[in-house]
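> So that we are looking at the same thing, I have put the structure below in structure tokens.
The values are calculated or read from the model by the stated rules, or taken from the named source; none is laboratory data. Keep in mind that this is a model prediction, so the values were computed, not measured. Using ideal geometry, Cβ is built from the backbone for each residue, glycine included, and neighbour counts are taken over all protein chains shown. Ligands, DNA and RNA are stripped out before the accessible areas are found, and what is left, the full protein with its side chains, is counted by its heavy atoms. Shrake-Rupley method; radii C 1.70, N 1.55, O 1.52, S 1.80 Å.
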Amino acid sequence: MRVVHVVALVVYAVAACHVARAARRSVYADSSSSNVHFVSPDEARELREEVRAMFYHGYNGYMRHAFPLDELRPRSCKGEDSLGGYTLTLIDSLDSLALLGNKTEFASAVRWLSSHLNFDKNKTVSLFETNIRVMGGLLSAHLIASDPALGMQVPGYDNELLRLAEDLGRRLLPAFDTPTGIPFGSVNLRHGVLRGESKVTATAGGGTLALEFGVLSRLTGDPVFEDVARNAMRALWARRSSLGLLGAHIDIFTGEWTHKDAGVGTSIDSFYEYLIKAHILFGDFEYLHIFQAAYDAVMTHIFHDPWYVEVNMDVAVVVWPLFNSLQAFWPGLQVMIGDIDRAARSHRAFFSVWRRYGFTPEGFNLAQSAVQPGQSSYPLRPELAESTYWLFKATRDPFYLSVGRDMVASLALTRCRCGYCHVSDVETHALDDHMESFFLSETVKYLFLLFDSALGGDNIMDNGPYQYVLTTEGHLLPLTPEISFPSEHCSYLNSFCAPPQASSCRIQGEVTAGEGGMGEGGGATGEGSDWVEEIEGDEEGEWEDKTRETGETGETGETGETGEASKGGGAREERGSTGGAAAMGSESTQKAAAMGHGAKSMSHEGMEEGVGGDREELEAVDPNVEVVAKGKSWVLTREKGNKKPSEPLSTADPHSSSSSSSSSSSSSSCRVSRGGDMTAEDEDDEEEEEEEVVEEEEDEEEEEGEDREGFRGRRHGKRRDLQDMSEQFDTYRDLQGFCQGISLWRRLGIPGL
């Protein structure tokens, strides 16, 4: 029986190869540019507005008939809590509203979520879906709502969405408590992982966390989120086969593969996507090195030009000669690494399936050249539109605009009374009463970007101040210094958050307990009444409080909590800033939101006047600084175990080794008075110790051959090095390790430059 099975597989594989070659020939015959009616600028403008109207038909249908439930049933005009009961479609649509330039609706949605969204639910949710849809949506919207440079800043917004994202992240953390570090696939938002939860998870489920969890760590200053995501990725990669391939499902306790089919589609697709995108967003070369090895393995064993199949991860024997619709994202990924030719060939092959049926079925059997039984649906997936957009950006080939036009025409067939319906069968075009949130988050977004970029790109992504990485759910994450250089961005000379030069021995910052948080009643306040507004697309957006009770929306209570700073070295429980440094502006530039050590600091004025501060406070500021009693005063002397005088303390970035470079050299000792008079005996003791300190300093200078000017010179040199690093940012992003065609990348303006 085993021999028969092997022979059957070989025959199946040979047939698949023949079909692939024939299909490749037919693809170019059917889709050649000579047979395509190209899209004119006027037609591109009409298509862009048609896509805009598509978004508002689906969005307004959700708001009228399904909000605040998760998703819309577009035929019956009802709603359903399909994933977690957390207003999923609204969260998933936030950055789409911003991309379309609808500032009013975006601001209203942010205010409503800030005051109503709550994750304290006895609900078991998918870690993967909750991360990419909800976490990603909240983080992207927070970055847009809080940034005046984008023109979408929400008045009164005080980081509420970031705090919600952090709360959600902490509720997801129990899923990572496994022997391998690979997380459970599901977690209860209130109780953690429940007894009896499956110990098998998909590769994509454990490997699609780096972007959202990484950004959350960098905005909150808590590394735990980025650490667990990285550990999960490493654990998966450590269990690759000798061919460099990964399977589809794994036992998170034993580390054994339970499903050894390797591919680039179902159950594994976004693992590869997040490797390269994490490198682009964070500049982390570990992700790039793993991606290079993984990509080479895929192109060697899974790629059968122009198709991708599923093979056994150990021996690379073809087990499924299938094209599944999730594979259609791959050409877009290849654009990001400069592999344009192979991306274009595969895209044309995938589009030939779309043209044949009007949609891409979930599975298309290459050996039989037919829809795979049981996989005939099309749930409004975005992957082909995504690759079409990136290929147009890379090549400016008008062929891709014609592809987008065909897709818009097909999607028009799915329009229902209240939204857009799933296609239950691509051969009969029968419709199903469901509209996934990713239709508004991704499918429509990529088609809008396609036609808008052809007209010059009048949106925050193509015409804004940042380059962006788009998550697997299509959420926008900007390449800003705060995210891409978390340890150094406050240390650059003249950086937007760097404090001025410290003088003498002053401690930078002016944070006391109770500051650094929202403060009481600091939540964003809405309009305080029901309202109906006419919005773009000749549709209305309604904001009614449909939380199963009649009432007004837009009002928020005292949602802010006082962000207190602890005395010890632990992290704060409530974070009042968005990333290790407080919002820097006007007179509040000197405030740091109890970052890192969470120590309670004192103002400059307080130190000069000798007010406030005791031994615990000083020790909490820096555990490496020795505190010595001087009568009724406490003195900061030198670092423990080191004869060199301690550097002046700065709150610019306590996690960064370069943060101390923001201040000048300190004097040999710093005295912080607790108040009160000193006796003559105390003054004599102090003078004697000061003389000892001076003698020690002279000895150190002789031994090390270093004077103060030389020391300052090296520190200024360090700053120059950081400036050079900043200037090199665009250069090494352009290269992307092994990508070719730097001039092409600069012309494209694609994320990662």
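> Take HIS279 and decide whether it is within 24 Å of SER241 (Cα to Cα), out of contact with any Asp or Glu (no Cβ under 7 Å at 6 or more places or on another chain) and crowded, with 21+ Cβ neighbours inside 10 Å.
Yes; evaluated as a whole, the condition is true for this residue.
> Please verify whether TYR157 is open to solvent by 20 Å² or more (accessible area, probe 1.4 Å) and not in a helix (DSSP H, G or I), treating the condition exactly as stated.
So TYR157 passes the test.
> Among the candidates SER140, SER198, single out the residue that is under 18 Å from SER441 (Cα atoms) and either open to solvent by less than 50 Å² (accessible area, probe 1.4 Å) or out of contact with any strand residue (DSSP E or B) (no Cβ under 7 Å at 6 or more places or on another chain) (or both).
Numbers: SER198 fails: under 18 Å from SER441 (Cα atoms).
After ruling out the rest, the residue left standing is SER140.
> Now a separate question. Pairs, please: C-beta under 6 Å, at least 6 apart or cross-chain, first residue surrounded by 17 or more Cβ atoms within 10 Å (Cβ to Cβ) and in segment 160-182, second among the small types (Gly, Ala, Ser) and in a helix (DSSP H, G or I)?
GLU160/SER114; LEU161/ALA141; THR180/ALA235; GLY181/ALA232; GLY181/ALA235; ILE182/GLY206; ILE182/ALA232; ILE182/ALA235
> Same structure again: Filter segment 302-323 down to the residues that are touching an Asp or Glu at 6+ places or on another chain (Cβ under 6 Å) and at pLDDT 95 or above, then identify the one that is surrounded by the most Cβ atoms within 10 Å (Cβ to Cβ).
Of everything passing the filter in segment 302-323, GLU310 is surrounded by the most Cβ atoms within 10 Å (Cβ to Cβ).
> Are any residues in segment 117-137 closer than 24 Å to PRO155 by Cα and open to solvent by 10 Å² or more (accessible area, probe 1.4 Å), and if so, which ones?
Of all residues in segment 117-137, those closer than 24 Å to PRO155 by Cα come to 117-118, 134-137.
LEU117, ASN118 - these are the residues of segment 117-137 that are closer than 24 Å to PRO155 by Cα and open to solvent by 10 Å² or more (accessible area, probe 1.4 Å).
> Can you pull out every residue in segment 249-268 that is touching a residue at least 60 places away in the same chain (Cβ under 8 Å) and farther than 15 Å from PRO179 by Cα?
Matches in segment 249-268: GLY263, VAL264, GLY265, THR266, SER267, ILE268.
> Restrict the check to segment 394-410 and report whether at least one residue is outside any helix (DSSP H, G or I), crowded, with 24+ Cβ neighbours inside 10 Å and either of a type in the set (A, V, I, L, M) or without any contact (Cβ under 8 Å) to a residue 40 or more places away in the chain (or both). It would help to see each step written out before you state the result.
To start, the set of residues in segment 394-410 that are outside any helix (DSSP H, G or I) comprises 396-398.
Subsequent filtering for residues that are crowded, with 24+ Cβ neighbours inside 10 Å retains none.
No, the conditions are met nowhere in segment 394-410.
> I'd like to verify a number: residues in segment 117-133 that are in contact with an Asp or Glu (Cβ under 8 Å, 6 or more places away or on another chain), closer than 14 Å to ASP70 by Cα and part of a helix (DSSP H, G or I), how many?
The number of residues fulfilling the criteria is 1.
> Quick check on SER114: is it part of a helix (DSSP H, G or I), among the hydroxyl-bearing types (Ser, Thr, Tyr), at negative phi and buried (at least 23 other Cβ atoms within 10 Å of the Cβ)?
Answer is yes for this residue.
> Residues in segment 214-230 that are open to solvent by less than 10 Å² (accessible area, probe 1.4 Å) and either in contact with a strand residue (DSSP E or B) (Cβ under 9 Å, 6 or more places away or on another chain) or under 19 Å from PHE291 (Cα atoms) (or both): how many?
Residues that pass the stated criteria total 3.
> Suppose we keep only residues that are within 10 Å of ARG48 (Cβ to Cβ) and touching a Lys or Arg at 6+ places or on another chain (Cβ under 9 Å) within segment 451-472. Which one would you say is surrounded by the fewest Cβ atoms within 10 Å (Cβ to Cβ)?
Checking each candidate, the answer is LEU455.
> If you scan segment 231-272, which residues turn out to be among the small types (Gly, Ala, Ser) and either on the phi > 0 side of the Ramachandran plot or open to solvent by 30 Å² or more (accessible area, probe 1.4 Å) (or both)?
Scanning segment 231-272 gives ALA238, SER242, GLY244, GLY255, SER267.
> Hey, any hits in segment 414-430 for a residue that's out of contact with any strand residue (DSSP E or B) (no Cβ under 9 Å at 6 or more places or on another chain) and more than 28 Å from ASN365 (Cβ to Cβ)?
Checked segment 414-430: at least one residue is out of contact with any strand residue (DSSP E or B) (no Cβ under 9 Å at 6 or more places or on another chain) and more than 28 Å from ASN365 (Cβ to Cβ).
> Also, I was wondering about something else. Looking at segment 58-104, which of its residues are assigned to a helix (DSSP H, G or I) and open to solvent by 20 Å² or more (accessible area, probe 1.4 Å)?
Listed by number, the residues that qualify are ARG64, HIS65, LYS103, THR104.
> From the list ASP296, ASP222, exactly one residue is more than 21 Å from GLY205 (Cβ to Cβ), outside any helix (DSSP H, G or I) and not small (Gly, Ala, Ser). Which is it?
Values: ASP296 fails: outside any helix (DSSP H, G or I).
Sole residue among the options that is more than 21 Å from GLY205 (Cβ to Cβ), outside any helix (DSSP H, G or I) and not small (Gly, Ala, Ser): ASP222.
> Here is a follow-up. Going through SER377, SER437, SER441 one at a time, which residue ends up being within 26 Å of TRP307 (Cβ to Cβ) and among the hydroxyl-bearing types (Ser, Thr, Tyr)?
SER377
> Please go through segment 448-474 and give me each residue that is more than 17 Å from ASN102 (Cβ to Cβ) and part of a helix (DSSP H, G or I), ordered by number.
Selection gives LEU450, PHE451, SER453, ALA454.
> Something else about it: In segment 346-370, how many are outside any loop (DSSP other than H, G, I, E, B) and open to solvent by 20 Å² or more (accessible area, probe 1.4 Å)?
Going through segment 346-370 one residue at a time, the tally reaches 6.
> Just to verify a result, which residue in segment 421-449, among those that are under 28 Å from the mean Cα position of the chain (by Cα) and of a type in the set (Ser, Thr, Tyr), is surrounded by the fewest Cβ atoms within 10 Å (Cβ to Cβ)?
The qualifying residue surrounded by the fewest Cβ atoms within 10 Å (Cβ to Cβ) is TYR446.
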